[in-house]
1. If you take the residues of the stretch 23-39 that are open to solvent by 50 Å² or more (accessible area, probe 1.4 Å) and in a helix (DSSP H, G or I), which of them is farthest from residue 91 (Cα to Cα)?
2. Please determine whether any residue of the stretch 111-133 is touching a strand residue (DSSP E or B) at 6+ places or on another chain (Cβ under 7 Å), of a type outside the set (A, V, I, L, M, F, W, C) and open to solvent by less than 50 Å² (accessible area, probe 1.4 Å).
3. Could you go through the stretch 159-177 and let me know if any residue there is modelled with pLDDT of 75 or more, part of a helix (DSSP H, G or I) and not aromatic (Phe, Trp, Tyr).
4. Does at least one position in the stretch 40-51 carry a residue that is within 17 Å of residue 25 (Cα to Cα), without any contact (Cβ under 8 Å) to a residue 40 or more places away in the chain and either open to solvent by 50 Å² or more (accessible area, probe 1.4 Å) or in a helix (DSSP H, G or I) (or both)?
5. Those residues that are of a type in the set (A, V, I, L, M) and assigned to a loop (DSSP other than H, G, I, E, B), I need them from the stretch 58-82; list them, please.
6. Could you check how many residues of the stretch 58-72 are loosely packed, with under 10 Cβ neighbours inside 10 Å and either touching a helix residue (DSSP H, G or I) at 6+ places or on another chain (Cβ under 8 Å) or at positive phi (or both)?
7. Within the stretch 107-134, count every residue that is without any contact (Cβ under 8 Å) to a residue 12 or more places away in the chain and either under 13 Å from the mean Cα position of the chain (by Cα) or in a helix (DSSP H, G or I) (or both).
8. Take the conditions within 30 Å of residue 72 (Cβ to Cβ) and at pLDDT 75 or above and apply them to residue 120. Does it pass?
Amino acid sequence: MTDNIPSSSATAIFRSKHCGDILKLSPTNYLQWSSSMLDHFVSCDNANIVLGERPCPLPGQARAAAEAFRAWKVQDSQAKGAIKGACTGAMCIHIEKTNTSAEMCIKGRVGLTDKFRNIMPIPREPLSNYIGKLTKIRDLLAGTTHDIPDWLFQQQLLLNLPSESYGMTKEIMENKHVPPSTQEIIDILKRRELDS
């Protein structure tokens, strides 16, 4: 059971009866949020549903099967309500139209991955801001099933550089027998930015 104390959607706090105040999920706090919410779901005895470890039983004609199905649906609905209540509006759009609490958790991580892929450098803004935004989301997803590998980070970073940054991209790839590391790429971009 997820006995949570209602919190205003305008506040950034989800109040868990079992775990106290939890910062609502935003585009910047996935790891902290997921850890706190897992504690909440463990205390409510429905973590295995949220994690997808206990799938929905098939409804059956037998009384025991019908009761197991109903109990699972109740626990999943409580978990879905807690997840919705523990998300900021910006993250709620990623979990809409989901059938189970486990799908909600997956879609929340996918929402951050989508956000990562849509980050573009802003004209006349330092490239370090662009790099910082990419790095922040990569760090948030580190250690999850949606971890952003180096090759994807490099691809996102280099493919979206403004056309005037062609020289930087050429310098990064020139005379390299081994592809450069992500940190080497970032260092070259920052150095070139300071030189310009």
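1. The first filter runs over the stretch 23-39 and keeps only residues open to solvent by 50 Å² or more (accessible area, probe 1.4 Å), leaving 23, 28, 31-32, 35, 38-39.
Remaining after also requiring in a helix (DSSP H, G or I): 31-32, 35, 38-39.
Details: 31: 14, 32: 15, 35: 17, 38: 18, 39: 20 Å.
For the stretch 23-39, the residue satisfying everything is 39.
2. Going through the stretch 111-133, the residues touching a strand residue (DSSP E or B) at 6+ places or on another chain (Cβ under 7 Å) turn out to be none.
No, that holds for no residue.
3. Yes: the stretch 159-177 contains one or more residues that are modelled with pLDDT of 75 or more, part of a helix (DSSP H, G or I) and not aromatic (Phe, Trp, Tyr).
4. no
5. Filtering the stretch 58-82 down to residues of a type in the set (A, V, I, L, M) leaves 58, 62, 64-66, 68, 71, 74, 79, 82.
Within the stretch 58-82, 58, 62 qualify.
6. Step one: of the stretch 58-72, the residues loosely packed, with under 10 Cβ neighbours inside 10 Å are 58, 61-64.
Checking the rest, the ones that are also either touching a helix residue (DSSP H, G or I) at 6+ places or on another chain (Cβ under 8 Å) or at positive phi (or both) come to 58.
Final tally of qualifying residues: 1.
7. Initially, the stretch 107-134 is screened for residues without any contact (Cβ under 8 Å) to a residue 12 or more places away in the chain, giving 118, 122, 124-125, 129, 132.
With either under 13 Å from the mean Cα position of the chain (by Cα) or in a helix (DSSP H, G or I) (or both) added as a condition, the list becomes 118, 129, 132.
Counting residues in the stretch 107-134 that are without any contact (Cβ under 8 Å) to a residue 12 or more places away in the chain and either under 13 Å from the mean Cα position of the chain (by Cα) or in a helix (DSSP H, G or I) (or both) gives 3.
8. Working: within 30 Å of residue 72 (Cβ to Cβ): no; at pLDDT 75 or above: yes.
Spelling it out, it is not the case that residue 120 is within 30 Å of residue 72 (Cβ to Cβ) and at pLDDT 75 or above.
The values are calculated or read from the model by the stated rules, or taken from the named source; none is laboratory data. Predicted, not measured: the structure shown is a model, and the values here were computed from it. Here the Cβ is made from the backbone with ideal geometry for all residues, glycine too, and neighbour counts use every protein chain on show. SASA here: full protein model, heavy atoms, side chains in, ligands and nucleic acids out. Shrake-Rupley method; radii C 1.70, N 1.55, O 1.52, S 1.80 Å.
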